[in-house]
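Novice: Sharing a structure below in structure tokens format, with a few things to ask.
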Amino acid sequence: MTSKLLTSILRNHLTKKPNLLRRQPFSTAAAEALSDPPQNHEETTSGITMKGVKIAGRPLYLDVQATSPVDPRVLDAMLPFYLSRYGNPHSRTHFYGWESDNAVEHARSQVASLINASPKEIVFTSGATESNNISIKGVMHFYKEKKKHVITLQTEHKCVLDSCRHLQQEGFDVTYLPVEKDGLVDLEKLKSAIRPDTGLVSIMAVNNEIGVVQPMEEIGKICKEFNVPFHTDAAQALGKIVIDVDKWNVSLMSLSGHKIYAPKGIGALYLRRRPRIRVEPQMNGGGQERGIRSGTLPTPLVVGMGAACEVAMKEMEYDEKRISALQQRLLNGIRSKLDGVEVNGSMESRYVGNLNLSFAYVEGESLLMGLKEVAVSSGSACTSASLEPSYVLRALGVEEDMAHTSIRFGIGRFTTEEEIDRAIHLTVHQVEKLREMSPLYEMVKEECSKRGS
């Protein structure tokens with residue numbers, strides 16, 4: 001049966017070219033229902049049990065900041081490079097290598113076009129974490145004789161913060177700038193933090209937990225004024241907001257595939273050529289990717305990231321309008337039925353697909369467990385195992401009890417209105433249920449009723 005299926009898929013892909021403009025009208029839950037169920041959970045007519053949790057069926061997926069499903073058009077583009085065009089792109093002596101190399105270079109152009117860069121400035125990596133490590137450690141190691149200081153934000157992704165801590169252990173100085181209550185950087189504080197030996201400013205474009213969009217052009221101008229290289233982790237920005245590396249004046253930019261409906265395990269690093277920025281490679285090997293990132297490129301994944309960038313370029317405006325309407329539907333639906341709901345981060349300077357809410361008078365872990373029919377998170381997927389309140393929310397000055405009750409709703413390309421309405425119903429129901437058991441909420445209600453009378 002499996003061989004017949006592979007033969008059928010192979011025949012289809014050898015006789016047609018993928019159409020990256022064809023829209024796929026289904027939700028993520030519906031898409032998953034079409035596939036074979038995984039074998040690591042019990043699935044019966046009465047529901048699904050996994051890790052001791054029993055639910056009626058597959059949950060709604062509202063965690064797009066953690067990862068996105070692969071767009072079927074992206075998968076269409078990838079499949080031939082698994083089944084028939086499987087050559088090593090670094091093999092220079094035969095057709096299989098040549099066609100894979102051509103596919104890689106085409107994908108490089110697709111990624112570059114989305115950020116207004118040259119294909120020669122794109123280096124493929126395994127993801128944004130690797131790109132961040134190359135950027136931060138690579139730049140500072142290369143210029144270590146003259147530059148000893150890095151500036152970043154307290155709200156950066158953990159891989160940026162850990163890379164900076166690693167540099168501190170090597171003797172470099174790092175300034176962790178605070179952010180304002182809306183999550184945005186104070187540009188005057190950034191200016192005053194720059195020193196003659198500052199070698200890099202690293203600031204995330206769109207925050208992964210709260211979705212705030214930093215003033216990238218203004219930050220770029222400050223870095224240009226002081227002649228300091230500017231690095232940004234744009235994993236959450238790529239394909240969601242307009243990126244122009246020249247307008248932003250970035251020297252390095254980290255990109256990720258699985259945040260834009262491409263597969264996991266592929267990312268890219270933008271490395272400016274003029275004025276040239278140099279990095280010390282963090283991996284030794286065959287010298288691929290101009291010696292910056294050695295290792296055989298995974299052609300299907302590279303093709304997938306390129307295809308995802310092309311789809312994003314054509315549909316970004318449409319996606320933004322649709323996702324914005326869904327975000328308003330979700331926020332208004334929850335606030336119309338619940339009080340004590342706070343939005344974390346700026347609403348004016350924000351990516352619309354990220355809605356981070358805190359619910360007063362409920363216990364955070366209980367709220368998350370009660371929302372088992374909705375796949376949401378309490379923060380970054382990289383730190384969600386921790387019971388500590390989000391360090392990002394604490395940096396905003398959010399009180400600990402409210403930080404503990406935060407939920408990040410991630411809305412994406414395949415999210416439907418029906419899923420949003422169901423999420424509203426389940427969230428409101430669970431918050432009301434937990435508040436009924438909260439003595440503090442009862443006291444607040446009694447106080448409010450006394451004032452009203």
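Novice: What's the carbon and sulfur percent of segment 248-318's accessible surface, probe 1.4 angstrom, rounded to a whole number? Each step should come with its number before you reach the end.
Specialist: Numbers: 1300 of 2730 Å².
For segment 248-318, the apolar C and S fraction of the accessible surface comes to 48 percent.
Novice: Treating only the Cα positions of the chain as identical point scatterers, give the base-10 log of I(q)/I(0) from the Debye formula at each q in 0.11, 0.12 Å⁻¹.
Specialist: For the requested q values the scattering log ratios are -0.93, -1.08.
Novice: Calculate the radius of gyration of the Cα atoms of segment 239-360 to one decimal place, then report Dmax, the largest Cα-Cα distance, as a whole number, both in Å.
Specialist: 19.2, 59
Novice: Next question, about the same structure. Please sort by residue number the GluC sites (Glu not before Pro) in segment 149-197 whose DSSP state is loop and whose Cβ has at most 12 other Cβ atoms within 10 Å. The partial results should precede the final answer.
Specialist: Details: sites: 156, 170, 180, 188; in loops: 156, 170, 180.
Loop-located and lightly packed - 170.
Novice: Share of segment 397-446's accessible area from carbon and sulfur, percent, 1.4 Å?
Specialist: Values: 1280 of 2410 Å².
Of the solvent-accessible surface of segment 397-446, carbon and sulfur hold 53 percent.
Novice: On to the next question. Report the Stokes-Einstein translational diffusion coefficient (µm² s⁻¹, integer) for segment 318-358, Rh taken as the Kirkwood radius over Cα pairs, at 20 °C with viscosity 1.002 mPa s.
Specialist: Answer, rounded: 199 µm²/s.
Novice: Mind giving me the FRET efficiency for residue 195 and residue 144? R0 is 22 Å, r the Cβ-Cβ distance, nearest 0.05 is fine.
Specialist: On the way: r = 15 Å, r/R0 = 0.69.
The value I calculate is 0.90.
Novice: A further question follows. Can you work out the FRET efficiency for the pair residue 217 and residue 82, with r the C-beta to C-beta distance and R0 = 45 Å, to the nearest 0.05? Provide the component values of the computation, followed by the final result.
Specialist: Values: r = 41 Å, r/R0 = 0.90.
Here the calculated transfer efficiency is 0.65.
Novice: Please list 441, 143 in order of solvent-accessible area, largest first, computed with a 1.4 Å probe with all protein chains present.
Specialist: Ranked list, largest accessible area first: 143, 441.
Novice: Take residue 294 and residue 280, extend 7 Å from each Cα along the Cα→Cβ direction, and tell me the distance between the two endpoints in nm.
Specialist: Output for this residue pair reads 1.6 nm.
Novice: Next question, about the same structure. Could you give the length gained on full extension between residue 53 and residue 328, defined as 0.36 nm per residue of separation minus the Cα-Cα distance, in nm?
Specialist: Values: separation 275, 0.36 × 275 = 99.00 nm, distance 3.08 nm.
Difference between extended and current length: 95.9 nm.
Novice: State the antiparallel share, in %, of DSSP beta bridges confined to the chain, rounding to the nearest 5. If you can, show how the numbers build up before the last one.
Specialist: Working: 27 of 43 bridges.
Antiparallel bridges make up about 65 percent of those DSSP assigns within the chain.
Novice: Using a 1.4 Å probe on the protein heavy atoms only, what accessible surface does residue 226 show? Give it in Å² to the nearest 10.
Specialist: Counting only protein heavy atoms, the figure is 90 Å².
Novice: Once fully extended, how much extra length lies between residue 106 and residue 347, figured as 0.36 nm per residue of separation less the alpha-carbon to alpha-carbon distance? Mind showing how you got there, number by number?
Specialist: Numbers: separation 241, 0.36 × 241 = 86.76 nm, distance 3.72 nm.
Between residue 106 and residue 347, full extension yields 83.0 nm more.
Novice: If you don't mind, another one. Would you mind working out the accessible area per residue for the chain, using a 1.4 Å probe, and quoting it in Å²? Don't jump to the answer; show the numbers that get you there.
Specialist: On the way: 21380 Å² over 453 residues.
About 47 Å² of surface per residue is accessible.
Novice: Considering only DSSP states other than H, G, I, E and B, which trypsin sites (Lys or Arg not before Pro) in segment 334-433 qualify as loop sites with at most 16 other Cβ atoms within 10 Å? Walk me through the numbers on the way to the answer.
Specialist: Details: sites: 335, 337, 350, 372, 394, 408, 413, 422, 433; in loops: 337, 372, 413.
Hits after loop and neighbour filter: 337, 372.
Novice: What does the charge count near residue 351 come to, summing +1 for each Lys or Arg and -1 for each Asp or Glu among other residues with Cβ under 15 Å from its Cβ? Display every interim value, and only then the final one.
Specialist: On the way: positive: 240, 259, 321, 322, 350, 408, 413; negative: 63, 182, 209, 233, 317, 319, 320, 348.
Net charge in that neighbourhood comes out at -1.
The values are calculated or read from the model by the stated rules, or taken from the named source; none is laboratory data. All figures in this text were calculated on a predicted structure; none of them were measured in a lab. Backbone-built Cβ (ideal geometry, glycine too); neighbour counts: all protein chains shown. Quick note on the areas: whole protein, heavy atoms, side chains included, nothing else; ligands and nucleic acids left out. Shrake-Rupley method; radii C 1.70, N 1.55, O 1.52, S 1.80 Å.
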